[in-house]
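The values are calculated or read from the model by the stated rules, or taken from the named source; none is laboratory data. No experiment lies behind these values; they were computed from the predicted model shown. When we count neighbours, we look across all protein chains shown, and the Cβ atoms used for this are built from the backbone with ideal geometry, even at glycine. Please note that ligands, DNA and RNA were not included when accessible areas were found on the heavy atoms of the full protein model with its side chains. Shrake-Rupley method; radii C 1.70, N 1.55, O 1.52, S 1.80 Å.
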2 protein chains.
Amino acid sequence: LGEDAVERHHFEQELQRLNGRIIEMGSKAERMIHAAVQGLVDHNAALAQSVMPLEREVNHMQVENDEIALKLLATQQPVATDLRFLVSAMKVNSELERISDQAVNIAETTLILVKEPPLKRIIDLPLMAREAMDMLRESLESFVKHDVILAKGVIMKDDRVDAFKDQLFRELLTYMISDGSTIPRAISLLLITRNLERIGDQATNIAEEVIYMVEGRDVRHPEKPPKDKV
Amino acid sequence: LGEDAVERHHFEQELQRLNGRIIEMGSKAERMIHAAVQGLVDHNAALAQSVMPLEREVNHMQVENDEIALKLLATQQPVATDLRFLVSAMKVNSELERISDQAVNIAETTLILVKEPPLKRIIDLPLMAREAMDMLRESLESFVKHDVILAKGVIMKDDRVDAFKDQLFRELLTYMISDGSTIPRAISLLLITRNLERIGDQATNIAEEVIYMVEGRDVRHPEKPPKDKV
C-alpha cells in the first residue's frame with residue numbers, strides 16, 4: 001500500500017469511530033428521555049435521578065467528538081464530501097447535547113411532580129416520548145447511513161409529535177380551569193410536552209442536516225412550510 | 001507583495017466579511033425580539049407581524065454564512081486559530097438562527113394575545129427582553145472582538161434573565177389560581193418568558209463558544225454549576 005492509501009485508510013477509520021460515538025451518544029440520550037418520562041409514569045424519583053450522571057457522559061462525549069472532528073479538519077484538510085461530513089458531524093453532535101439537556105429538564109420537572117399526588121394517569125405523554133425517541137434514533141441512523149429517505153421520514157413524523165402536544169395542552173387546560181389547585185402540576189406537565197416537542201424539532205434538525213449533507217440542498221428553510229410540500 | 005501575502009490578505013478580508021454579516025444577523029434578530037415584545041406591550045398586531053419577513057432574511061443569511069465558511073475551509077484549508085474561528089463562526093451562525101426562531105415564537109404568541117383583552121399591564125416582560133437583547137448583542141461583540149472579559153459578563157447576566165422568569169412565573173400563577181378565565185392568556189405569557197429564557201441561554205452558548213475559541217478551554221460543561229464558581 002502506498003502512503004496515501006494508508007493515510008486514507010486511517011482517515012476512514014477515524015470517520016467510522018466518530019460515527020460510532022455519535023450512535024452511542026444518541027443511545028445515551030434516548031435512555032435519558034426514557035428514564036425521565038418513565039420516572040414520571042411510575043412516580044419514581046430514583047429513575048428520574050438516573051438521568052443526571054448520563055448527562056455528564058453526553059457532555060463529555062460532545063467535547064471529545066468536537067476535538068476528534070477538529071483534529072481531522074486540521075491534520076487531514078479534507079475537501080468535498082469528507083469536509084461536509086465532518087461539519088455535519090459537529091452539528092449533529094451539538095444537537096445531541098441539546099437533546100440531552102431537554103431530557104434533564106424533563107427529569108427535573110419529574111422530580112418536582114413525584115413529590116405531589118399524581119394529577120392524572122399518565123398515558124399519552126409516554127406515547128409522545130416514544131415518537132420523539134423514534135425520531136431521534138432514526139435521524140442518527142439516517143446520518144451514519146447517509147439515508148435521505150429515512151431522514152425524510154423523520155421530518156414527516158414531527159407532525160405527530162406536534163399533534164400530541166396540542167392534544168395534551170387542551171386536556172391539561174380542562175384540568176386547570178375546572179380545579180385551580182391542579183394548575184402548578186398541570187403547568188409542569190405542559191412544560192414536559194414542550195421539552196418533548198423540542199426533542200422532535202432537534203431530531204428534525206439532524207434529519208435536515210443529513211439531507212443537506214447528502215444532496216447538498218438546503219431544506220432547513222423552505223419558502224413554504226413543509227406541510228404544503230408533502 | 002508575494003503570492004502568499006496576497007492570499008492571506010484575501011483570507012483576512014473574507015473573515016472580516018463573515019464577522020460583519022454575523023453582527024448584521026444579530027442586529028436583525030435583536031429587532032425581531034424587540035418588535036415581538038413591543039407588539040405585545042402596545043397590543044399591536046402589525047408590529048408583531050413585522051417579525052416574520054425578518055426571519056426569512058436571517059434564515060437566508062445563515063445559509064449564505066455557512067457557505068462562506070465552508071468555502072474558506074475547503075479552499076484555504078486553514079489551521080490553528082483560523083480553523084477554530086471558522087468552526088466557531090458556524091456555531092454562532094446556528095445559534096443566531098435559533099434565536100430568531102424564538103423571536104418568531106414570541107411574535108406568534110403575541111398575535112394570539114392581541115385578540116384578547118390584556119391580562120395585566122405588561123411591565124416586567126420588556127425588561128426581561130431587554131436583558132436578553134443585551135446578552136445577545138454583547139455576546140456577538142465578544143465574538144468579533146475575541147473579548148473574553150465581555151463574554152464572561154454575558155454568562156453572568158444569564159442569572160438575571162432566569163430571575164425574571166421565576167418572578168413572572170409566580171406572578172402569573174396567582175392570576176391563574178384566583179381567576180380560571182385568565183389561564184389561557186397567563187400560559188401564553190408564561191411561554192413567552194420561556195422563549196426569552198432560551199434566548200438568554202443561546203447568548204450564553206455564544207459567549208461560551210468565544211471563551212473556547214480564544215482560550216481553547218471548554219467552559220460549556222463545568223463539573224460544578226457556574227454559580228458555585230463565581
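Some notes on this structure:
- The set of residues in segment A:75-86 being part of a helix (DSSP H, G or I), in contact (Cβ under 8 Å) with a residue 12 or more places away in the chain and within 11 Å of another protein chain (Cβ to nearest Cβ) consists of A:76, A:82, A:84, A:86.
- Residue A:151 being within 30 Å of residue B:86 (Cβ to Cβ), buried (at least 18 other Cβ atoms within 10 Å of the Cβ), touching a helix residue (DSSP H, G or I) at 6+ places or on another chain (Cβ under 8 Å) and away from every other protein chain (no Cβ under 11 Å): yes
- In the set A:7, A:95, only one residue is assigned to a helix (DSSP H, G or I) and open to solvent by 20 Å² or more (accessible area, probe 1.4 Å); that residue is A:7.
- Picking from residues in segment B:60-71 that are within 19 Å of the chain's Cα centre (by Cα) and touching a residue at least 40 places away in the same chain (Cβ under 8 Å), the one that is surrounded by the most Cβ atoms within 10 Å (Cβ to Cβ) is B:65.
- The requirement of being facing chain A (nearest Cβ under 10 Å), open to solvent by 10 Å² or more (accessible area, probe 1.4 Å), in contact (Cβ under 8 Å) with a residue 40 or more places away in the chain and farther than 18 Å from residue B:96 by Cβ is not satisfied by residue B:173.
- Residue within segment A:177-196 that is away from chain B (no Cβ under 12 Å), out of contact with any helix residue (DSSP H, G or I) (no Cβ under 8 Å at 6 or more places or on another chain) and either over 25 Å from residue B:94 (Cβ atoms) or buried (at least 17 other Cβ atoms within 10 Å of the Cβ) (or both) present: no
- Among residues of segment A:183-199 that are closer than 25 Å to residue A:135 by Cα, those with a Cβ under 6 angstrom from a residue that is of a type in the set (D, E, K, R), sequence gap 6+ or separate chain, pair up as A:193/A:165; A:197/A:165.
- Residue count for segment A:113-147, restricted to those that are open to solvent by less than 40 Å² (accessible area, probe 1.4 Å), modelled with pLDDT of 95 or more and part of a loop (DSSP other than H, G, I, E, B): 1.
Conditions (1) surrounded by 14 or more Cβ atoms within 10 Å (Cβ to Cβ); (2) without any contact (Cβ under 8 Å) to a residue 40 or more places away in the chain; (3) on the phi < 0 side of the Ramachandran plot, marked per residue:
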site: A:13; (1), (2), (3): no, yes, yes
site: A:22; (1), (2), (3): yes, no, yes
site: A:30; (1), (2), (3): yes, no, yes
site: A:33; (1), (2), (3): yes, no, yes
site: A:46; (1), (2), (3): no, yes, yes
site: A:53; (1), (2), (3): no, yes, yes
site: A:58; (1), (2), (3): yes, no, yes
site: A:73; (1), (2), (3): yes, yes, yes
